[in-house]
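The values are calculated or read from the model by the stated rules, or taken from the named source; none is laboratory data. Just so it is clear, the structure is predicted and the values come from calculations on it, not from any experiment. Cβ: placed from backbone, ideal geometry, glycine included. Neighbour counts: every protein chain shown. Side chains are part of the model used for accessible areas, which takes the heavy atoms of the whole protein and leaves out ligands, DNA and RNA. Shrake-Rupley method; radii C 1.70, N 1.55, O 1.52, S 1.80 Å.
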Amino acid sequence: MNGMQASESTVDPSEIAKFEAMAAEWWDPSGKFKPLHMLNPCRLDYITGQIAGQFDRDLTVPAPFAGLRLLDIGCGGGLLSEPMARLGAEVIGADAAEKNLPVARIHAEQSGLEIDYRHTTAEALAAAGEQFDVVLNMEVVEHVADPLSYLTACRDLLKPGGLHICSTINRNPKSYAMTIIGAEVIMRWLPRGTHEWSKFITPDELIALLQQSGVEPVDRKGFVFNPLSWSWSISARDLSVNYVTASVKRG
């Protein structure tokens, strides 16, 4: 990947293989990525609010993110890259799973969007000196081999004053029941083995890792699923399963 040696990357080949096997289904709202399609509006609400707040942008005007350079690391089929491009950002979508990228490119072209999709890693982009105003790091950190090294690469990719948004899954009995037993075994939304509970990260652990990487955490919220309304919402208190953090690179 861009001339990198395997030892320089935090990519876990077994994790990449899981997502490559599902690549063709990225844009099927009833397929293997159904949970992400359901969660996406909630993720977008959080992301757009944080970006608007950090860069003093008005979300009611056309292309409010014009002039911002944004990296969607672990972009998959482009479920977040496309809305960011529609909001005016210059978007680079990066994924270590090569088979995701043709799907993402074709869908962006069909949608009339210009998005720079690359088969690469955070470490390779950082080594090349790439810099971004915003790094989106959504549901990736629980799949890498070395979270601290990976988050440090994400920090290196930020311009001073840049915003890093990172979401992942808490590690507790409830998260095991919901994401592995519920989503993989009972609902069969995801193939068995998509997640490894031992790789999940608690909010306190992630905050500590972010601080060690060199960014300043400024916010954290939970994404909460309501089985009665069959919908997601943002919670200031409930970070028991899915949660998200926002951090800033000072200086």
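General observations
- Residues being free of Cβ contacts under 8 Å to residues at least 12 places away in the same chain and part of a helix (DSSP H, G or I) - total across the range 45-59: 2
- The one condition in (1) in contact (Cβ under 8 Å) with a residue 40 or more places away in the chain; (2) in a loop (DSSP other than H, G, I, E, B); (3) open to solvent by less than 20 Å² (accessible area, probe 1.4 Å); (4) under 25 Å from Phe225 (Cβ atoms) that Cys42 fails to fulfil: (2)
- Once the range 193-212 is narrowed to residues that are assigned to a loop (DSSP other than H, G, I, E, B), in contact with a strand residue (DSSP E or B) (Cβ under 8 Å, 6 or more places away or on another chain) and of a type outside the set (Val, Ile, Thr), the residue that is nearest to Leu148 (Cα to Cα) is Phe200.
- Cβ-Cβ contacts under 9 Å between residues 6 or more apart (or on different chains), taken from a first residue in the range 145-164 that is at positive phi to a second residue that is open to solvent by 10 Å² or more (accessible area, probe 1.4 Å), are listed as Gly161/Gln54; Gly161/Phe55; Gly161/Asp133; Gly161/Lys249; Gly161/Arg250; Gly161/Gly251.
- Exactly one residue out of Ala6, Ala66, Ala52 is at pLDDT below 90 and either open to solvent by 70 Å² or more (accessible area, probe 1.4 Å) or within 21 Å of Gly162 (Cβ to Cβ) (or both): that is Ala6.
- For the range 213-237, residues that are in a loop (DSSP other than H, G, I, E, B) and surrounded by 15 or more Cβ atoms within 10 Å (Cβ to Cβ) total 2.
- Residue pairs meeting the criteria (Cβ under 9 Å; at least 6 apart or on separate chains; first within 14 Å of Val91 (Cα to Cα) and surrounded by 14 or more Cβ atoms within 10 Å (Cβ to Cβ), in the range 108-120; second of a type in the set (Ser, Thr, Tyr) and at pLDDT 95 or above): Ala108/Ser81; Ala108/Tyr117; Leu113/Ser81; Ile115/Ser81; Tyr117/Ser81
- Within the range 16-32, considering residues that are closer than 26 Å to Thr120 by Cβ and touching a helix residue (DSSP H, G or I) at 6+ places or on another chain (Cβ under 6 Å), the one modelled with the highest pLDDT: Trp27
- Tabulated pairs, the range 79-105, first touching a residue at least 12 places away in the same chain (Cβ under 8 Å), second open to solvent by less than 20 Å² (accessible area, probe 1.4 Å) and among the β-branched types (Val, Ile, Thr), C-beta under 6 angstrom, 6+ apart or interchain: Ser81/Val91; Met84/Val91; Ala85/Val91; Ala94/Ile73; Ala94/Thr120; Ala96/Thr121
- Among residues of the range 195-223 being of a type in the set (Lys, Arg) and modelled with pLDDT of 95 or more, the one that is farthest from Asn242 (Cα to Cα) is Arg220.
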